[in-house]
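Taking it in order: structure first as structure tokens, then the write-up.
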Amino acid sequence: MTGRPPKGRTWGRRGITPTVRVSGRSRGRLSVAGLLCFRPGLPARLCYRLRRHTGRKSERRSLSETDYIRLLDGAHQLLKAPLIVVWDRLSTHVSKTMQALVDERDWLTVVLLPGYAPDLNPVEGLWAHIKRSLANLAARTLSELETLLRSRLKALQYRHSILGGFLAGTGLTLDRPNEP
């Protein structure tokens with residue numbers, strides 16, 4: 001996410017389009033990674049990590065493999081259970097470095113979604129929900145955007161029915177297949 005707000009609908013006087021001026025020249029961006037954790041019979045959980053990028057030339061502009069693996073390690077500690085992670089085919093998720101990090105963890109199983117299948121990824125629904133909630137909010141600084149984003153994500157952590165709805169929106173279920 002950058003300092004440029006997503007567009008959204010709003011009310012205004014007839015014939016006058018409301019506009020919000022933003023600088024758009026802010027240095028830096030926020031990267032967010034999230035896990036929606038589902039277990040039959042238990043409420044859905046949200047784990048996430050934010051990383052702030054200041055815009056320095058030598059700095060990576062996205063989350064690295066170590067950022068993602070720290071998120072998975074944190075989720076494992078929180079849930080106290082083995083994880084089966086269903087990932088899209090982001091280059092960081094399928095890199096050799098990531099594969100080596102995953103292989104070091106016997107409690108972690110990674111399953112890849114088919115190529116370009118955002119409709120099967122419940123986290124895509126989460127990001128769409130968050131972006132809609134931030135529409136028409138113009139943060140003046142990256143710190144203000146970070147605070148807004150953290151508060152929205154924190155509030156969602158306790159809305160288990162909404163988190164479960166992101167899985168329902170994919171049409172996938174947690175039921176085990178009938179075994180003969």
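The values are calculated or read from the model by the stated rules, or taken from the named source; none is laboratory data. Please read all numbers here as calculations on a predicted model, not as lab measurements. Quick reminder, even Gly has a Cβ in these numbers, built from the backbone with ideal geometry, and neighbours come from all protein chains shown. Surface areas here come from the heavy atoms of the whole protein model, side chains and all, with no ligands, DNA or RNA. Shrake-Rupley method; radii C 1.70, N 1.55, O 1.52, S 1.80 Å.
Data for the structure
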read-out	value
Cβ pairs under 6 Å, 6+ apart, first in region 13-30 and open to solvent by 100 Å² or more (accessible area, probe 1.4 Å) and assigned to a loop (DSSP other than H, G, I, E, B), second modelled with pLDDT of 70 or more and not basic (Lys, Arg)	27/55
Region 61-91, residues that are more than 25 Å from residue 157 (Cα to Cα) and either among the polar types (S, T, N, Q) or open to solvent by less than 80 Å² (accessible area, probe 1.4 Å) (or both)	91
Test for residue 130: is it under 15 Å from residue 32 (Cβ atoms) and not aromatic (Phe, Trp, Tyr)	yes
Residue 143 at pLDDT 90 or above, within 15 Å of residue 50 (Cβ to Cβ), in a helix (DSSP H, G or I) and of a type in the set (S, T, N, Q)	no
Top-ranked residue in region 31-87 [being among the hydrophobic types (A, V, I, L, M, F, W, C) and part of a helix (DSSP H, G or I); ranked as farthest from residue 167 (Cα to Cα)]	69
Condition met for residue 42 (aliphatic (A, V, I, L, M) and at pLDDT 90 or above)	no
